[in-house]
Amino acid sequence: MQGYPRIKGPKSVHDRIAIIGAGPSGLHMAYELKKRGFRNIVIFESRDEVGGKTTSRLYRNVWVDLGTVGLTESYDKTVDLLEKFNTGFEVRPTLPGATWLNRKEYRPTTETIPVPIERIQQASQRYTVLHQCFFGTYDSELMPRPSPEILRKIHGSIEEFLLRYNLTDLQPIFYTAITLNGYGFLNETSAIYGLTFVTPSVVQSFLRPERGAYRLFGGWQNLCREIARRSNVDIRLNINIKRINRKNGVQIVYGKKHSGQTYVDDFDFLILTPAMNSLFKVVDFNQHELSIFSHLRNSFYLKSVINSISPGRRSFSPLDTYLYDFQNVEYSVYRTVNPHQLENNITGVDYQLGLRENVDPDGSQYETSVYVQTGKSNPWKPDVDAHIQTKLFEHLRDFKKSNPQVVEQVKWGYYFPNFPPEAATGGALWDVLDMQGHYNTWYIGSSVCFDAIESVFEYNYLILKLFA
Ligand SMILES: Cc1cc2nc3c(=O)[nH]c(=O)nc-3n(C[C@H](O)[C@H](O)[C@H](O)COP(=O)(O)OP(=O)(O)OC[C@H]3O[C@@H](n4cnc5c(N)ncnc54)[C@H](O)[C@@H]3O)c2cc1C
C-alpha cells in the first residue's frame, strides 16, 4: 500500500503466537490470523471474561453497556462484523437528547448549538478541502505518514487547529464527538486525533437528520463473545502476567488468579493489545519502544448503574447531558442514560412523568439508569473515590432520585491512552507503525490508534494488509 511501511510479522503459520488481552482488538486479530491459516494462537486475559472495554450486562431484560456504546457513520468495519457475528443486534439512530443548562432547566441538545447550521455547513466544506489537501484519500484508520510540513501545520490541540484554519464553527461537532465521549477537552487533545476520528464524512453526517450518531442494541460484549466462540482459539482467563521476555523468542511468565503457581510458556511472536503505558512493568520494552510509549497519557472513565424510584426530575429524553459543572469539576456526572426507556423509544411526557415505566416484564417500579463520570485523577485513590461518590450522590439528590441503589459501578483505567500534542506532531503514531514487527511484536489496540472500536478493528486490518 502506497505511503505505508511493509510490516514484519510471524514467519510461518506454524509459529506460536501469544496475544495479550481478549478485548475487541485481540479477539479480532486472533480471528483474522486464524482465517489466514495461523493455528497456534493463545490469548492471555487478566479478567474473568472476554470483551475488554465492551462489558455489557443484562438488567431488566435490556443490555446495558458499561463500556462501548455508540457508532458513527464511519463504522463500516464494525457494522460488517456486527452483521457477520449477528446475535440479534440492532443499530438505530440515537434518540434526540436533552442538555441541562443548570440543575433545573434543560433544552433539546440541538437547540444548544451556538452556531447557525449554515455556518457549520460552510465550515464543513472548508474542512473537507483542507483534509483532502493535507492527507489525500486513504482507506484506513491512519493515513500514510504526513510530511514534516503537514505535521507542522496540524501541530497543537484540536482547538488550536480549528482556530488556525478558521474552522471554529465546527467546534460544537468536535466537542460532541471528542469531549463528550471522554476524549479530552479540545484545548488539550492533539489535533491529529480530531482529524482521524472526526473525518469530513463524520462531520457531514452530523448535519443529516439522524445527526450521524447511532447506538447498538443487543450488548457490545456479545459481539466479542461471538468472535471468541467462532475463532475457537485457546483463551486463558484470570491470568496474571508477571513478565514477558523477548530475548530468544517470546517467553511469558504468568500465574493464575487465586493460585500460587508460576507458569512459563514459550512463543515465537507477541501481540500486545492493552494500553502500552500499562505494560511498563510487564514487558521488557527496549529503549526504542520506551522512547515512544513513555509519552502516552490517559484518563479514567466511570459508569454507575443505579436503581431509583421512578421518575425523579427528568427531561423529555432518556439521554441527558449536564454541562454546567463538566469543564470545572472533575468527575461531575455529565451524562445519564436510561437504557430501558431508550430501547423502548419512550420520550416526551411519557418519559418525563414515568408513565410507561412498567412496560418491562418484571413490572418493577424502579428506573435503572447509567451515570457517567470522567476525570484524570486515579479513581482508585481513596480521596478521589470519595469525591466521585460525593459527586454521584449530589447529582442523584439534585435530580430527586429516591432510594438510589448502586447496582454496579465500573471504573475504567487507561481510558483514551493518547499522545499529547508534541509527541503526536513528532509522528508518534507512525513511529509505532514503522516499529511493528521489529522486536517480534505487534502493538495493536487503542493506545496506538484511537480508543474507539472501529479504530482498533481498522488498525488490525491495516497491520494485516501491510504484513501480507
Ligand atoms: C466507558 C467506555 C465507553 C466507550 N464508548 C465507546 C463508544 O461509544 N464507541 C466506541 O467506538 N468506543 C467506545 N469505547 C472504546 C472501546 O471500548 C475501546 O476502544 C475498545 O474496547 C478497545 O479495544 P482493545 O481490545 O484495544 O482494548 P480493551 O477493550 O481495553 O481490551 C484490552 C484487554 O486486555 C486485557 N488486559 C489488560 N492488561 C492486561 C495484562 N497485563 N494481561 C492480560 N490482559 C490484560 C484487559 O482486561 C482487556 O480485556 C468506550 C470505552 C469505555 C471504557
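Numbers at a glance
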quantity	calculated
Cα-centred dipole magnitude for the chain, charges only on beta-carbon of K, R (+1) and D, E (-1), debye, nearest 20	760
Rg(Cα) / (2.2 N^0.38 Å) computed for segment 320-420, rounded to two decimals	1.23
Derived scalar couplings ³J(HN,Hα) [segment 336-345; Karplus, 6.51 cos²θ - 1.76 cosθ + 1.60; whole Hz; x for Gly, Pro]	9, 9, 10, x, 5, 6, 5, 4, 8, 6
Within straight-line cross-link reach of K465, lysines at Cα separation under 17 Å, skipping those fewer than 8 residues along the same chain	K8, K11, K34, K35, K77
Value of Rg/Rh across segment 366-438 [Cα atoms, Kirkwood radius]	1.20
Solvent exposure of segment 110-206 as accessible area per residue, Å², 1.4 Å probe	43
Heavy atoms of R119: accessible area, 1.4 Å probe, square angstrom to 10	110
For segment 139-155, Karplus couplings with θ = phi - 60° (6.51, -1.76, 1.60), whole Hz, Gly/Pro x	10, 7, 5, 10, 6, x, 3, x, 5, x, 5, 5, 4, 5, 5, 9, 5
Charge-dipole axis of segment 177-285 as Lys and Arg at +1 and Asp and Glu at -1 on Cβ define it, positive-most pick from Y214, P200, I178	Y214
Between segment 184-211 and segment 1-64, the alpha-carbon center distance in angstrom	27
Karplus (6.51, -1.76, 1.60) ³J(HN,Hα), θ = phi - 60°, over segment 270-283, in Hz, Gly and Pro reported as x	10, 10, 9, 10, x, 3, 4, 6, 8, 10, 4, 8, 9, 9
The chain: relative contact order as a whole-number percent, Cα under 8 Å and 6+ apart	25
Gained length - F280 relative to Q261, 0.36 nm times residue gap less alpha-carbon distance	4.5 nm
Local electrostatic count at V253 - Lys and Arg +1, Asp and Glu -1, tallied over other residues with Cβ under 9 Å	+1
Sequence-distant aspartates and glutamates (8 or more away, or on other chains) whose Cα lies within less than 16 Å of K104	D320, D325, E394, D398
Solvent-accessible area, 1.4 Å probe, carbon plus sulfur percent, for segment 315-468	50
Hits among lysines - C-alpha to C-alpha of K381 under 25 Å, sequence gap 8 or more where chains match	K53, K242, K257, K281, K303, K391, K411
Accessible area of H131 in the full protein assembly, 1.4 Å probe (Å², nearest 10)	10
Spherically averaged projected area in nm², based on the convex hull that wraps the Cα atoms of the chain	22.0
Debye, to nearest 20: dipole size of segment 297-416, +1 on Lys, Arg Cβ, -1 on Asp, Glu Cβ	360
CD proxy at 222 nm, helix term only [per DSSP H run n ≥ 4: -39500 (n - 2.57); per residue of the chain; nearest 500]	-9000 deg cm²/dmol
Antiparallel content of DSSP bridges confined to the chain, in %, to 5	75
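The values are calculated or read from the model by the stated rules, or taken from the named source; none is laboratory data. Keep in mind the model is a prediction, meaning the values are calculated, not measured. Cβ coordinates were reconstructed from backbone atoms using ideal geometry, including for glycine residues, and neighbour counts include every protein chain displayed. Just so you know, the surface numbers come from the protein's heavy atoms only, side chains and all, with ligands and any DNA or RNA stripped out. Shrake-Rupley method; radii C 1.70, N 1.55, O 1.52, S 1.80 Å.
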